[in-house]
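The values are calculated or read from the model by the stated rules, or taken from the named source; none is laboratory data. Being a predicted model, the structure only gives us computed values, none of them experimental. Virtual Cβ from ideal backbone geometry, glycine too; neighbours counted across all protein chains shown. Just the protein is used for accessible areas: all its heavy atoms, side chains included, with ligands, DNA and RNA removed. Shrake-Rupley method; radii C 1.70, N 1.55, O 1.52, S 1.80 Å.
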Amino acid sequence: MKLEERLRGVRRSPWVYHLNSGSCNACDIEILDALTPFFDAERFGVKLVASPRHADVVLFTGPVTREALPKVVKTLKAVPRPRIVVAIGSCAVGGGIWWNTYSTIGGFEKFQGVLKQQGVEIDKVVYVPGCPARPEAIIYGLLLALGYVKQKVSKVVKVVES
Amino acid sequence: MDYTSLALITAIPFLVAPIYDSIERKVKAAIQSRIGPLGLARSFLQSWFDLIKLFSKELVLTSYGMALITILELLFVSITVVILQIFLITPQLEWVIALLITFLSISSAFSLIRAISLDNPFSSIGAFREFYVTLAVEGFFLSSLAIMLLVEEPIIIKMLLFCIAALSCYVLSGRTPFDIAEAEPEIASGVYIELSGPLLATTSYSLHIRRYVLAEILSYTLLKLIGIAGTGFASLITLLLTPITWIVLGVVSVMLGRTRVDVGPITLLKVMLILIFLMFVAMIFVVRLV
Ligand code: SF4
């Protein structure tokens, strides 16, 4: 079955799993906020699950510390395919304030290299920047991953010559 | 009754159980000032969408034995619900009642076996809790149900039996605070921790059907208490009352959402023992009066 077809099933009932890879906890609080009755993510069928085996979407926070690395790999391995990851917060997007430090991998982009080495395939990744990311942005990122909304920004990097 | 109607009546629970669950979610959302699953389709079919999605997911199998037990659990719950529907059509047949009670106990035994067959420490904790809750109610439930369905007793005893049956139905349906075997964030889904994809869907479907069985039994015992059970019309009323009972149980679970889960089972055991004691007292009075 093609990825798009498999994602269509997940679209109607995305079960999310919250995975902290060493964040400062502010992004995690925002995730919990996004799942409270105020934002009512259950409107889209979202359900917070406690086991990675039940998850469709992993709400990923933190820059991946070296200490957490093996556990995070193991957890993502436990998620059945198709695996979707929403990397939340500047730390998860590119290392954030921990960029280039000795004790972190430096965000999900770099971490994907490690995952590839371990044979863990990630089917779709969406990045939600912010320090911390706002609950509205988290829900938007989730809907983007599920294909409910279109991506607004392009991936073009512009370098300004001085 | 012709075969088409019989097939229709036995098929009803398999189709409507996830729909009732979706409606329960919507009602719970309304109580919590939320919208809940959005739109007409989601309001009625969200649990079906969940099951369909789980069936399409990858299956990560940790043991073949667990897969077999999960399938057998669904099989026995399905047999129980079919017998229950036959009982609704022919409530005067006593062997159907005996069969119903036997299969009710077999299907709950299978859910206990599934719980202990998982090789995971969190699952073991959940299984232990499931044993505790089941031991606190199962015996009382089956015996009170058997007495209620087989013997005509005075109203006071009937009322006490109904209280035991209602309490047991609530507890066995795995709603708050008696979902401690699962206890989501605390022990990472406990007895469900290793289940994934189609296997999780099978277990969830078994739970929906089990909830249907309990809601229908509770509806029937309510009619029995009022004294209108046993007719074709009463069977129809039971079928119509089942979703209402299901939702009432869901509403009670919202009301009990803030109770302490750790004292739940022991409080339940105390309440059960008090009810049994009251029933014995009532029985002695009735015998003396006769
Ligand atoms: S992005 Fe900011 S708020 Fe989020 S975990 Fe990193 S430092 Fe904390």
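Numbers below:
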item	result
Rounded accessible area per residue of region B:59-289, 1.4 Å, Å²	44 Å²
Distance in nm between pseudo-label sites at residue A:100 and residue B:119 (7 Å out along the Cβ direction from Cα)	4.8 nm
Globularity ratio of chain B, using Cα Rg and 2.2 N^0.38 Å	1.01
Stokes-Einstein diffusion coefficient of region B:208-259, Kirkwood radius over Cα pairs, 37 °C, 0.692 mPa s, in µm²/s	285 µm²/s
DSSP bridge orientation in the protein assembly as shown - percent antiparallel, rounded to nearest 5	5 percent
Accessible area buried at the B-A interface, both sides summed, 1.4 Å probe (Å², nearest 100)	2300 Å²
Built amide H within the under 5 Å cut-off of residue A:58, gap 5+	A:17, A:84, A:85, A:86
Calculated log₁₀ intensity ratio I(q)/I(0) where the Debye formula runs over C-alpha points of region B:1-82, q = 0.10, 0.18, 0.25 Å⁻¹	-0.38, -0.95, -1.12
Cα shape, region A:3-146, gyration tensor, a/c 1.5 rule	oblate
C-alpha long axis of helix B:197-226 to longest principal axis of chain B, angle in °	20 degrees
Apportionment of accessible area to carbon and sulfur, region A:1-151, percent (1.4 Å)	56 percent
Gaussian network model of chain B, springs between alpha carbon atoms under 10 Å - residue of B:227, B:39, B:65 with greatest fluctuation	B:39
Candidate lysines for bridging to residue A:77, where Cα separation is under 16 Å - those fewer than 8 sequence places away on the same chain excluded	A:116, A:124, B:57
Dipole-positive endmost among B:102, B:193, B:287 within region B:59-289 (Cβ charges, Cα centre)	B:287
Percent of beta bridges antiparallel (DSSP, region A:3-146, rounded to nearest 5)	5 percent
With every protein chain in place, region B:59-289: carbon and sulfur % of accessible area (1.4 Å)	77 percent
Max mean-square fluctuation residue, GNM over chain B, Cα-Cα springs under 10 Å, options B:73, B:138, B:94	B:94
Computed helical MRE - 222 nm, the protein assembly as shown, DSSP H runs ≥ 4 contributing -39500 (n - 2.57), nearest 500	-21500 deg cm²/dmol
Where trypsin sites (Lys or Arg not before Pro) in DSSP loops with at most 10 other Cβ within 10 Å are excluded, longest remaining stretch of chain A	A:3-149
Residues in region A:34-59 occluded by at least 40 Å² - accessible area, probe radius 1.4 Å, against chain by itself	A:37, A:40, A:42, A:43, A:50, A:53, A:54
For the protein assembly as shown, average projected area of the Cα convex hull in nm²	25.2 nm²
